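Notes for the one structure printed next.
The values are calculated or read from the model by the stated rules, or taken from the named source; none is laboratory data. What you are looking at is a predicted structure, and each value in this text was computed from that prediction instead of being measured. When we count neighbours, we look across all protein chains shown, and the Cβ atoms used for this are built from the backbone with ideal geometry, even at glycine.
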Amino acid sequence: MRLPGDKSISHRYAMLAAIAEGRTRIHNYSTGADCASTLGCVRALGIPVEREATEVTVSGRGLDGLQPPSETLDAGNSGSTIRMLSGILAAQPFASRIAGDESLSRRPMQRIIQPLEAMGASIAAREGRFPPLEIHSARLHSIDYTLPVASAQVKTCLLLAGLFADGTTVVREPARTRDHTEIALREFGAAVDVRGRVISVESRPRLRPLDLTVPGDLSSAAFFLVAALLLPGSHIVIEGVGLNPTRSELLDCLIAMGADLRVRNLALGAGEPSGDIEVRHSRILGGVIEKDLTAALIDEIPVLAVLGAASQDGLIVRNAAELRVKETDRIATVAENLGRMGVAVEVFPDGLRVPGRQKFRAAELDSFGDHRIAMAFAVAALAAGGESTICGAEAAAVSFPEFFDLLDGLRA
């Protein structure tokens, strides 16, 4: 099987293409609604965007080429869009307003507001912390900022703002996060320096247009990898998946838990490695996800919790308070659905413990409007005896509209 383009990379390519000088072509752009929201915002800022299926062309007009939007920018359900694009909007010579759906409107934004204001930005938010964000014209200056919590979205926001600021902007990470922004900035022609967990970017580069191919999304692959590990007789190969080292901890984690998993046909494109992942049904031991590993696997924890219930020794997740402020409180929604399936789980303020050697029973489940919860519990439902129903399963389309069709095709 093949998967749609990586969401994280697609967001970043579209934003950088908008402020590059000329036509950037992006192949295998993500099919998810979140990445479509980013393209919609780019269009609303006066940048021509052409799209045919997964092929996208963005005609960038340079750092100073964006135009005032005629209405509120719509980020939909996409936290990536509102957080990362705000770094660019904060430096514009015009005011803008960016909002999203009901779910996004409940997600706190202080972690971008505070450092952007330290750079000179002028931002108003509902109750001082929630979208919509009203961003006023400001001249930004560089900053040397230590992230209080590891976040690739906040890091990206500040690095994008740093392209417009005076001087060199420095971001220090408490734990390593995905580095797609650093790689993409370098490919587009920005001066980026990475020394361990300290990243700096020089201001006012001339970004060049590129021809880019987005690798398959490893976060999306996680659902199929776990499904294959759970179900006896399974054997799948997922082709052309992104294998960036700041993301591939998922594969290391699964192998450490006992997965029969191999990577073949490695390739490199625009600084991003990719390859084919082969996985077979395996006896999974279980494990602990904590500290830096938690930050690396934050999006995959819901489906890994499902795997943990079927493992020999269970799964413990710590240092994952970030899950409380995703599209849903994912600690609570994972625990709720596991409980409905008869699976015991212990909840902590910053994580959970799922004992192993448990059986899933068919149940009525709920996505709670969260795409990753919908997909994680579709996988759990495959391992249950009988028929399960997932209310709000359409939430999967936020990131992966083909998910259920691909899953059904594999089962056939």
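Descriptive notes on the structure:
- Taking each residue of the stretch 2-23 that is closer than 24 Å to Leu410 by Cβ and looking for partners that are acidic (Asp, Glu) and part of a helix (DSSP H, G or I) with beta-carbon atoms closer than 8 Å, six or more apart or interchain, yields Lys7/Asp34.
- Selection of the stretch 265-313 for residues being within 24 Å of the chain's Cα centre (by Cα) and of a type in the set (D, E, K, R) yields Glu272, Asp276, Glu278, Glu290, Lys291, Asp292, Asp299, Glu300.
- Taking the criterion of being in a loop (DSSP other than H, G, I, E, B) and touching a strand residue (DSSP E or B) at 6+ places or on another chain (Cβ under 7 Å), the residues of the stretch 69-106 that qualify are Pro69, Thr72, Ala75, Ala90, Ala95, Gly100.
- Hits in the stretch 120-140 (condition: in contact with a helix residue (DSSP H, G or I) (Cβ under 8 Å, 6 or more places away or on another chain) and either over 23 Å from Asp166 (Cα atoms) or at pLDDT below 95 (or both)): Ala125, Arg126, Gly128, Arg129, Phe130, Pro131, Pro132, Leu133
- Strands (runs of 3 or more DSSP E) lying entirely in the stretch 249-328 (those with 1 or more residues that are within 30 Å of Leu210 (Cα to Cα)): 260-269, 272-280
- Every listed requirement among (1) touching a strand residue (DSSP E or B) at 6+ places or on another chain (Cβ under 6 Å); (2) exposed (fewer than 14 other Cβ atoms within 10 Å of the Cβ); (3) of a type in the set (Gly, Ala, Ser); (4) not in a strand (DSSP E or B) is met by Gly128 save one, (1).
- Near pairs, Cβ below 8 angstrom, 6+ apart or cross-chain, from the stretch 249-272 (modelled with pLDDT of 95 or more) to any residue that is among the hydroxyl-bearing types (Ser, Thr, Tyr) and in a strand (DSSP E or B): Leu266/Ser274; Ala267/Ser274; Leu268/Ser274; Gly269/Thr213; Ala270/Thr213
- Scanning the stretch 361-394 for residues that are buried (at least 24 other Cβ atoms within 10 Å of the Cβ) and in contact (Cβ under 8 Å) with a residue 40 or more places away in the chain yields a total of 9.
- Every residue from the stretch 324-339 that is in contact with a strand residue (DSSP E or B) (Cβ under 8 Å, 6 or more places away or on another chain) and buried (at least 21 other Cβ atoms within 10 Å of the Cβ): Ile331, Thr333, Val334, Asn337, Leu338
- The stretch 46-65 residues that are free of Cβ contacts under 8 Å to residues at least 60 places away in the same chain and exposed (fewer than 14 other Cβ atoms within 10 Å of the Cβ), paired with ones that are hydroxyl-bearing (Ser, Thr, Tyr) and assigned to a strand (DSSP E or B) (beta carbon under 9 Å, 6 or more apart): Pro48/Thr57; Pro48/Ser59; Glu50/Thr57; Glu50/Ser59
- Neighbours by Cβ (under 7 Å, 6+ apart or cross-chain): first from the stretch 157-173, in a loop (DSSP other than H, G, I, E, B); second of a type in the set (S, T, N, Q): Leu163/Ser203; Phe164/Ser203; Ala165/Ser142; Ala165/Ser203; Gly167/Ser142; Gly167/Ser203
- Criterion: part of a loop (DSSP other than H, G, I, E, B) and in contact with a helix residue (DSSP H, G or I) (Cβ under 9 Å, 6 or more places away or on another chain) - qualifying residue of Arg208, Arg204: Arg208
- From Arg195, Arg247, residue being out of contact with any strand residue (DSSP E or B) (no Cβ under 7 Å at 6 or more places or on another chain), outside the structural domain of Leu406 (by TED's automatic domain parsing) and either of a type outside the set (A, V, I, L, M, F, W, C) or more than 20 Å from Ala295 (Cβ to Cβ) (or both): Arg195
- Failed item in (1) buried (at least 17 other Cβ atoms within 10 Å of the Cβ); (2) more than 21 Å from Thr156 (Cβ to Cβ); (3) not aliphatic (A, V, I, L, M), with Arg2 passing the rest: (1)
- Of all residues making up the stretch 329-369, the number that are small (Gly, Ala, Ser) and either in the same structural domain as Thr177 (by TED's automatic domain parsing) or assigned to a loop (DSSP other than H, G, I, E, B) (or both): 7
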